[in-house]
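K.L.:
Before I ask anything, let me first share the structure, which is written out below as structure tokens.
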Amino acid sequence: MKNNIISLAFILLILSACKVSKDIETPKPALPDHFGSAAAASDTSSIADISWKNFFTDPVLQKLIDSAIAKNYDMQIALKNMEASQLLFKQVKWNNVPQVDLNVTANTNRPSNNSLTGLSLSQYNIGTNHIEDYSANVAVSWEADIWGKIHNQSKAALAAYLQTVEAKKAIQTTLVSNISQGYYNLLMLDAQLDIAHKNVLLNDSTLRIIRLQYDAGQVTSLAVQQAEAQEQTAAQLVPQFEQNISIQENALRILTGELPGRVERTAILDQMVTPANVSAGLPANLVSRRPDVKSAELALVTANANVGINKAAMYPVLNITATGGVNSFKASNWFNMPASLFGIVAGGIAQPLLEHKKLKTQYDVAQVEREKTVLQFRQSVLNAVGEVSDAMVKIEKLKQQQNIAASRVNTLQHATANANLLFKNGIANYLEVITAQSNVLQGELELASIKSEELSAVAELYRSLGGGWK
């Protein structure tokens, strides 16, 4: 018996070394040597390595992001997913431990007098026409992980847990980006509302002068009507911007997990300055820094594990069972030691036969899913590189646009001042004044919009590089 046990253990040791499936290593995605111009390649640092509190220094914006990380419902759901996945991972680790069951049974059986059991009872004159059985035992069952099925289950559970961690990081990076972009948009709307108010006052002043000229017979009613229309155009923008401000405030409050309402702020758009250095670093670091790319990489681990699990299902399963306890057909002798003791040890090998085609199909599907996961990983890397490249182009071109727009606004402001001065002295007509005021209004609104877009592009670059979860 001892030799048989040693032989069985030796066979199990050899079989356990077998590997029924081969994992596919994480493919090396095609990445450029650097982002942007060749000159940028020398700077290997990345803004994504900066914590969000050091990257976004505005106190109000920091408070909004802090609140979102703590209260946002998507973040809270992600944390619950992490918690559930961690519990499942801890449970899977127990799959290598034998299953132990405690069974206590008591039953009685009244056989027919004409049955074999009934005739036997009457033949042995045991003084009863029924059979009693009392049993208390511990049953142990253990599946030998010969083909690595349980090991692959643990790998898949760990990868699933780590994916929930990366999902939480991805949600945080998106939150940080969305809140910062929403905040910059809110400051832009504040600036545009202020521009509209100032333009209304400017147009009102012009309208008063034109009315005085009309009363003096110097201009026609057409001049008054056109001046009034110009003032109304500027005035119409005020409720429009006020509406957009309220909607943007509500959106920010909802992102922070709070009811819609006003967002207190002290900064203005002109005080927001983009970082002097927005280096992207090396493209190779995207794989380890971006949560969505890392999650796609972990999905490949899960796919590899599923291939191993489905392959192992096609091979024999070795189960070892043992049962021991006390058994008696009389309750009075139930725990009579050692006469009531019994024990059973058994080992069995089960090989699926008729289900082989079904299991083979499941294995083939798992292989296809693994190949699909490889493609999805490559796609996630490609998308990440594209997002970074787009954000860098936006920052570069928006800076150029802002310089041109600022120069244009400066020119238009001087032109408006000159037009008003000439108009008051009777040298320029009212059409020149109205045109100048209309142009400066549009120019100032466009400059505020470009400024906001540039700030948002920097925030988007920060997110696309994987920044925001530290």
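We did not get these values from a lab; they are worked out from the coordinates using the rules stated. All of these numbers come straight from a predicted model, not from anything done at the bench. FYI the Cβ positions are ideal-geometry reconstructions off the backbone, even for glycines, and counts take in every protein chain you see.
K.L.:
Which percent of Cα pairs goes in each bin when the distances of region 372-416 are cut into 5 angstrom slices starting at zero?
P.N.:
5, 19, 13, 11, 11, 9, 8, 7, 5, 5, 3, 2, 1
K.L.:
Now for a different question. On a 24 Å Cα-Cα criterion, which of the cross-link pairs LYS71/LYS93; LYS71/LYS169; LYS90/LYS168; LYS90/LYS357; LYS28/LYS358 come out too long?
P.N.:
On the way: LYS71/LYS93 33 Å; LYS71/LYS169 15 Å; LYS90/LYS168 20 Å; LYS90/LYS357 33 Å; LYS28/LYS358 34 Å.
Pairs exceeding 24 Å: LYS71/LYS93; LYS90/LYS357; LYS28/LYS358.
K.L.:
Would you please give the residues with an amide H less than 5 Å from that of SER279, counting only those at least 5 places away or on a separate chain, with H modeled from the backbone geometry?
P.N.:
The list, which skips near neighbours in sequence, is ILE47.
K.L.:
Moving on. Compute the length gained on full extension between ASP270 and ASP101: take 0.36 nm times their separation in residues and subtract their Cα-Cα distance, giving the result in nm to one decimal.
P.N.:
Details: separation 169, 0.36 × 169 = 60.84 nm, distance 7.19 nm.
Result for the pair: 53.7 nm of gain on full extension.
K.L.:
Follow-up question, since we're still on this one. Once you have the Cα-Cα distance between GLU258 and GLU132, take 0.36 nm times their residue separation minus that, and quote the gain in nm to one decimal.
P.N.:
Working: separation 126, 0.36 × 126 = 45.36 nm, distance 6.77 nm.
So the chain would gain 38.6 nm between GLU258 and GLU132.
K.L.:
Which listed residue (HIS130, ASN103, LEU252) has the Cα farthest towards the positive end of the charge dipole for the chain, taking +1 on Lys and Arg C-beta and -1 on Asp and Glu C-beta about the Cα centre?
P.N.:
Towards the positive end, the residue furthest out is HIS130.
K.L.:
Kindly rank 386-398, 77-89, 294-306, 189-201 from highest to lowest mean number of other beta carbons found within 10 Å of each residue.
P.N.:
Values: 386-398: 17.6, 77-89: 14.9, 294-306: 22.4, 189-201: 19.4.
Order by mean packing, descending: 294-306, 189-201, 386-398, 77-89.
K.L.:
Give the Debye-formula value of log10 I(q)/I(0) at each listed q (0.08, 0.12 Å⁻¹), with one equal scatterer per alpha carbon of the chain, two decimals each.
P.N.:
Log10 I(q)/I(0), no solvent term: -0.75, -1.11.
K.L.:
About its Cα centre, what dipole magnitude does region 157-216 give when the only charges are +1 on Lys and Arg Cβ and -1 on Asp and Glu Cβ, stated in debye to the nearest 20? If you can, show how the numbers build up before the last one.
P.N.:
Values: 5 positive and 5 negative charges, 22 e Å.
In debye, rounded to 20, region 157-216 gives about 100.
K.L.:
Let me ask something additional. Please work out how much length the chain gains when fully extended from ALA339 to VAL365, using 0.36 nm per residue of separation minus the C-alpha to C-alpha distance, in nm with one decimal. Numbers along the way, then the final one.
P.N.:
On the way: separation 26, 0.36 × 26 = 9.36 nm, distance 5.55 nm.
Extra length from ALA339 to VAL365 when fully extended: 3.8 nm.
K.L.:
Would you mind getting me the FRET efficiency between LEU354 and TYR73? Use the beta-carbon distance for r and R0 = 60 Å, nearest 0.05.
P.N.:
Working: r = 49 Å, r/R0 = 0.82.
Taking R0 as 60 Å, the efficiency between LEU354 and TYR73 is 0.75.
K.L.:
Can you run phi through the Karplus equation (6.51, -1.76, 1.60; θ = phi - 60°) for region 415-430 and list ³J(HN,Hα) in whole Hz, with x for Gly and Pro?
P.N.:
5, 5, 4, 5, 5, 5, 5, 5, 5, 5, 9, x, 8, 9, 8, 5
K.L.:
Let me ask you something else. Expressed as a whole percent, how much of the Cα-Cα distance distribution for region 348-461 exceeds 16 Å? Can you show the working numbers first?
P.N.:
Values: 4821 of 6441 pairs.
The answer is 75 percent, as a whole percent.
K.L.:
For region 156-253, how big is Rg over Rh, using alpha carbon atoms and the Kirkwood form of Rh? Don't skip to the answer; put the middle values down first.
P.N.:
On the way: Rg = 24.7 Å, Rh = 17.2 Å.
Result for region 156-253 is an Rg/Rh of 1.44.
K.L.:
Moving on to the next point. Can you give me the distance in nm between label points at LEU222 and THR44, each placed 7 Å from the Cα along the Cα-to-Cβ direction?
P.N.:
Spacing of the two 7 Å Cα→Cβ label points: 7.2 nm.
K.L.:
About the Cα centre, and with charges only on the beta carbon of Lys, Arg (+1) and Asp, Glu (-1), how big is the dipole of the chain? Nearest 20 debye, please. Could you put the intermediate results ahead of the total?
P.N.:
Values: 40 positive and 41 negative charges, 354 e Å.
It comes to approximately 1700 debye.
K.L.:
Now for a different question. Using only alpha carbon pairs under 8 Å that are at least six residues apart, calculate the relative contact order of the chain and give it in whole percent. Please list the in-between numbers first.
P.N.:
Numbers: 645 pairs, mean separation 126.2, N = 470.
Relative contact order of the chain: 27 percent.
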